[in-house]
Amino acid sequence: MNTDRIYKNAQKGDNTRESILAHALALSHEVGYEVVTRNAIAERAGCSGPLISMYFGGMRNLRKAIMREAIKHEDLAVIAQGLAAKDKEAQKASAHLKMQALATLIQEMPS
């Protein structure tokens with residue numbers, strides 16, 4: 001068994017997953033967490049929708065992964081959108097991060 005090849009393939013898969021997530025987070029930030037689609041992410045990431053499904057399953061799992069990534073990178077706009085939509089994954093952010101995200105949301109509201 002060639003463990004080097006298996007490791008390289010696993011690493012490549014991790015890189016692909018991370019790349020998809022990075023594009024998904026950026027797109028969620030631009031167009032909105034609740035309205036981003038698998039096809040839009042696939043187009044942005046330069047891959048196919050079925051490849052995204054292979055890594056994340058359905059949209060529910062993809063949205064969870066996007067929100068986890070938003071929390072990890074402290075993307076306040078996406079976290080705020082998740083909180084406003086009562087997203088369960090967004091609720092897992094720290095209290096401090098949730099307060100910052102909501103403050104950002106309030107500041108962006110028209111006067």
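Overview of results
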read-out: Output for the range 44-60, where each listed residue is among the polar types (S, T, N, Q) and part of a helix (DSSP H, G or I); value: S53
read-out: Selection within the range 61-94 - farther than 13 Å from Y33 by Cβ, among the charged types (D, E, K, R) and part of a helix (DSSP H, G or I); value: K72, K92
read-out: Pick from the range 61-79, criterion among the small types (G, A, S) and modelled with pLDDT of 95 or more, ranking: surrounded by the fewest Cβ atoms within 10 Å (Cβ to Cβ); value: A65
read-out: Residue within the range 3-24 that is aliphatic (A, V, I, L, M), assigned to a helix (DSSP H, G or I) and at pLDDT below 90 present; value: yes
read-out: Matching residues, the range 80-103, being of a type outside the set (G, A, S) and either on the phi > 0 side of the Ramachandran plot or surrounded by 14 or more Cβ atoms within 10 Å (Cβ to Cβ) (or both); value: Q81, L83, K86, D87, E89, K92, L97, K98, Q100, L102
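The values are calculated or read from the model by the stated rules, or taken from the named source; none is laboratory data. Bear in mind the structure is a predicted one, so any value in this text is a computation, not a measurement. Neighbour counts are summed over all protein chains in view; Cβ atoms, including those assigned to glycine, are modelled from backbone coordinates with ideal geometry.
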